[in-house]
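For reference, the structure discussed in these notes is given below.
Throughout, read-outs are computed from the coordinates displayed, never taken from laboratory work. In this text, all values refer to a predicted model and were calculated from it rather than measured experimentally. Here the Cβ is made from the backbone with ideal geometry for all residues, glycine too, and neighbour counts use every protein chain on show.
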Amino acid sequence: MALTKKDMENMGKIFATKKDLFATETKLDNKIESLESKMNAKFDNLIVGQDQIMSKIESMTMESTVSAEQYKRHDAKLENHDKRITALETQPAQ
C-alpha cells in the first residue's frame, strides 16, 4: 500500500509540520519569558518586603538593647537611693 498525494495532504492536516512545531516553540518561549519576568517582579517585591522587615527587626533590637541599658542604669540609681534613704531613716533624730 503506497501513500498517495491525497494521503500526504491529509497527514498534513492530522500531524504537525515543522512550521507548526517552530510556531509552537516560539509561542512557548514567549510565554516562558513572560512568566519569568512576572516571577522576577514578584520575587523582587518579596525581597524588598523582607529587607523592610529585617530593617524593622534590627531597629527593634537596637531599641531593646538601649532600653535594657537604661533600665540597668535606673535600677542602679534606685538601689543607690534606697540605700541612702534607709541610712537616713535609721539615723537617730537630732
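Projecting the Cα positions of Ala87, Gln70, Gly49 onto the charge dipole of region 22-94 (unit charges on Cβ atoms of Lys, Arg, Asp and Glu, taken about the Cα centre) puts Ala87 furthest along the positive direction. From least to most packed, judged by other beta carbons within 10 angstrom and beginning with the fewest, Phe15, Phe22 follow the order Phe15, Phe22. Sorting Thr24, Thr90 from the fewest to the most surrounding beta carbons within 10 angstrom yields Thr90, Thr24. Computed about the Cα centre, the dipole magnitude for the chain is approximately 520 debye when only Lys and Arg (+1) and Asp and Glu (-1) carry charge, each at its Cβ.
Compared with the dominant Cα axis of the chain, that is its longest principal axis, helix 18-90 is turned about 0°. Label separation (Lys42 vs Thr86): 6.4 nm, computed from points 7 Å beyond Cα along the C-beta direction.
Net length available on complete extension from Tyr71 to Thr4 is 14.5 nm, with 0.36 nm assigned per residue and the Cα-Cα distance removed.
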